[in-house]
Amino acid sequence: MKAIVVHQNGGPEVLKYEDAPRPQPKDDEILIRVMAAAVNPVDIAIREGHFGGRADFPFIPGMDVAGIVEQAGRKVTRFKKGDAVYAYLSFEEQGGYAEFVVTKENHAALKPKSIDFEHAAAVPLAATTAWQALVDKAGLKADQTVLIHGGSGGVGTFAVQIAKARRAKVIATASAANQDLLKELGVDQPIDYTTTKFEDVVKDVDVVLNGVRGDSLARSYGVVKKGGIIVSITGPPDPAELEKHGIRGTSFGAEPDAKILEDLAKLIDSKRITPVVSAVIPLAEVAKAHQQIASQHTRGKIVLKVAEAPKSQP
Ligand SMILES: NC(=O)c1ccc[n+]([C@@H]2O[C@H](COP(=O)([O-])OP(=O)(O)OC[C@H]3O[C@@H](n4cnc5c(N)ncnc54)[C@H](OP(=O)(O)O)[C@@H]3O)[C@@H](O)[C@H]2O)c1
């Protein structure tokens, strides 16, 4: 099969488009014929050898795919050959930048029916992260107010829509170029961080989701109401600041969860969530996608096209 293979850590030039052996599913795994894969900032950290790195060269990166089940392991109960699925491949699995990948069945779910494979591939890691932050960690409820830093990015575009689906009031930050996108996604109070300091116009929120690097976390403690929570996906909050302000805080690493993918598929098919894909790039040109993601100014998601979907599929 064709795949993007990494033989050594380094810049985008270490992403080689070449032949690789087709993986074989174990009893509890499915083999997916990949139609599309998405690119995440963590892929760049792994390529560079950060984030614990990977020592098992050569490896195939990529943690998000959408495709069709080619083969199901003996103990697999939820899928059969021919099912259209999307999956969040774990850190240990990866391998999504390829024509075929294997994953445990509990990292996959049936693909939302109303969107194509490219939009489906954009969902798993980013939307699961947003869900685990807002629902599992923050317990966001209707009529609460959430401030989302980085509302126009991969995680942010899903976080905004998940929060709106839970009938929360949403405040979100992005640059001037992405203010229209924030409004289209339903943000109640969009903030252009290039002209307005959020701490000048925001106070007493129930939840902050911090999805950007830099000083946004350090500036957030004072805008949360007593008893509220900061969930950071880019580094841990400072315990002393949390205590000083009488608030809670946490950071975490997202994990694959098939139930969340199933719930997301329902929200997508009922039009409560629409994945934002700003570019679809051929698999062989993955280096372009990594360069774009490294800018930290991607709008929504960047997706790699791996194969043409069969005519029977959207
Ligand atoms: N802990 C975890 O499990 C986990 C999971 C997923 C992601 N992450 C991390 O979370 C971060 C976000 O991930 P992602 O996939 O959403 O990244 P992304 O798609 O690359 O995010 C890009 C977005 O960030 C916005 N942005 C950049 N600087 C900003 C600022 N100062 N204020 C507000 N918005 C700003 C950009 O908007 P403008 O272009 O308008 O500036 C852009 O739309 C990354 O650092 C990623 O590594 C962690």
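Determine, yes or no, whether Arg248 is more than 12 Å from the ligand (Cβ to nearest atom) and surrounded by fewer than 21 Cβ atoms within 10 Å (Cβ to Cβ).
Working: more than 12 Å from the ligand (Cβ to nearest atom): yes; surrounded by fewer than 21 Cβ atoms within 10 Å (Cβ to Cβ): yes.
Yes: the conditions hold for Arg248.
Confirm whether Thr145 is of a type in the set (Ser, Thr, Tyr), in contact with a Pro (Cβ under 8 Å, 6 or more places away or on another chain) and in contact (Cβ under 8 Å) with a residue 60 or more places away in the chain. It is false that Thr145 is of a type in the set (Ser, Thr, Tyr), in contact with a Pro (Cβ under 8 Å, 6 or more places away or on another chain) and in contact (Cβ under 8 Å) with a residue 60 or more places away in the chain. Among the strands (runs of 3 or more DSSP E) confined to the stretch 26-136, the ones with at least 1 residues that are buried (at least 21 other Cβ atoms within 10 Å of the Cβ), assigned by TED's automatic domain parsing to the domain that holds Leu15 and not aliphatic (A, V, I, L, M) are located at 29-39, 64-72, 84-88, 100-104. Scan the stretch 131-190 for residues that are within 11 Å of the ligand (Cβ to nearest atom), more than 18 Å from Phe252 (Cβ to Cβ) and among the polar types (S, T, N, Q) and the total you get is 6. Considering Gly156, Gly151, Gly139, the condition of being modelled with pLDDT of 95 or more, in contact with a strand residue (DSSP E or B) (Cβ under 6 Å, 6 or more places away or on another chain), in a loop (DSSP other than H, G, I, E, B) and assigned by TED's automatic domain parsing to the domain that holds Ser232 is satisfied by Gly151 alone.
The values are calculated or read from the model by the stated rules, or taken from the named source; none is laboratory data. Predicted model only: the values in this text are computed from it and were never measured. Here the Cβ is made from the backbone with ideal geometry for all residues, glycine too, and neighbour counts use every protein chain on show.
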